[in-house]
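Everything below concerns the one structure shown next.
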Amino acid sequence: MEDLVQRDAADLDRLSDIARSRGLRIAVVESLTSGNLAGTVGAAGEAAEWFAGGVVAYMTDVKEQLLGLEHGTDPCSADCAEQLARGARALFDADLCVSTTGVGGPGPDDGHPPGTVYLGWATRKQVGHRHLRLDGGPEEVLAATVTAAVRMLTTHAAEI
């Protein structure tokens, strides 16, 4: 666990350096991670200079009304992750946004097994996703999701 914390800190330092040097605005949107991603990113060095903010939206109608999720979209899907990232990127006028959605567990939800996670990302020009299959209980799934999302932010920030 200590190695994970050190890796997260290194990724956050790199994200902060990239965002500040390039003048990027970064945002997050969370369904699965309950604000943990925003809390992690917001604690990074000099976050006030580059972290525009985050949205936590669990209910589907909120995702539809606030973030433009298309009615009928499976909330645990690549489409949902991409739509959430695109919607929050626009809401915050950000250069980059990453989203989290999925099933933390301990049991399945709507036919999706626990540990099924989708990360979405959106820049001003591109949108994409990554599908993760994570093991462990809810706490481990959420922690691994936050780590993967921070890495995704860092990777895409470096590409902008």
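Within region 132-149, is there a residue that is among the charged types (D, E, K, R) and surrounded by 15 or more Cβ atoms within 10 Å (Cβ to Cβ)? Give the derivation first.
The initial filter retains those residues of region 132-149 that are among the charged types (D, E, K, R), namely 133, 135, 139-140.
Now drop any that are not surrounded by 15 or more Cβ atoms within 10 Å (Cβ to Cβ), which leaves 140.
Within region 132-149, one or more residues are among the charged types (D, E, K, R) and surrounded by 15 or more Cβ atoms within 10 Å (Cβ to Cβ).
Quick one: which residue in R89, R20 is among the basic types (K, R) and buried (at least 16 other Cβ atoms within 10 Å of the Cβ)? Break it down into steps so the answer makes sense when it comes.
Values: R20 fails: buried (at least 16 other Cβ atoms within 10 Å of the Cβ).
After applying the criteria, what remains is R89.
Of the residues V98, V56, V127, V146, which single one is farther than 25 Å from A9 by Cβ, β-branched (V, I, T), touching a residue at least 12 places away in the same chain (Cβ under 8 Å) and in contact with a helix residue (DSSP H, G or I) (Cβ under 8 Å, 6 or more places away or on another chain)? Result: V127 is the single residue among V98, V56, V127, V146 that is farther than 25 Å from A9 by Cβ, β-branched (V, I, T), touching a residue at least 12 places away in the same chain (Cβ under 8 Å) and in contact with a helix residue (DSSP H, G or I) (Cβ under 8 Å, 6 or more places away or on another chain).
Here's a check for you: in region 8-43, which residue that is outside any helix (DSSP H, G or I) and among the β-branched types (V, I, T) is nearest to V62 (Cα to Cα)? Ranking the qualifying residues of region 8-43, first place goes to V29. Looking across region 100-131 at every residue that is of a type in the set (V, I, T) and closer than 18 Å to D74 by Cβ, the one that is surrounded by the fewest Cβ atoms within 10 Å (Cβ to Cβ) is identified as V127.
Among the listed residues V62, V127, V56, V117, identify the single one that is modelled with pLDDT of 95 or more, among the aliphatic types (A, V, I, L, M) and under 17 Å from I160 (Cβ atoms). Can you show your working first?
Numbers: V62 fails: under 17 Å from I160 (Cβ atoms); V56 fails: under 17 Å from I160 (Cβ atoms); V117 fails: under 17 Å from I160 (Cβ atoms).
When all the criteria are applied, what remains is V127.
Residue pairs whose Cβ atoms lie under 8 Å apart, sitting 6 or more positions apart in sequence or on different chains, and linking a residue in region 62-88 that is within 19 Å of G104 (Cα to Cα) and free of Cβ contacts under 8 Å to residues at least 60 places away in the same chain to a partner that is surrounded by 15 or more Cβ atoms within 10 Å (Cβ to Cβ) and of a type in the set (K, R), are P75/K63; C80/K63; L84/K63.
The values are calculated or read from the model by the stated rules, or taken from the named source; none is laboratory data. Just so it is clear, the structure is predicted and the values come from calculations on it, not from any experiment. Here Cβ is always computed from backbone atoms with ideal geometry, including for glycine, and neighbour counts include all displayed protein chains.
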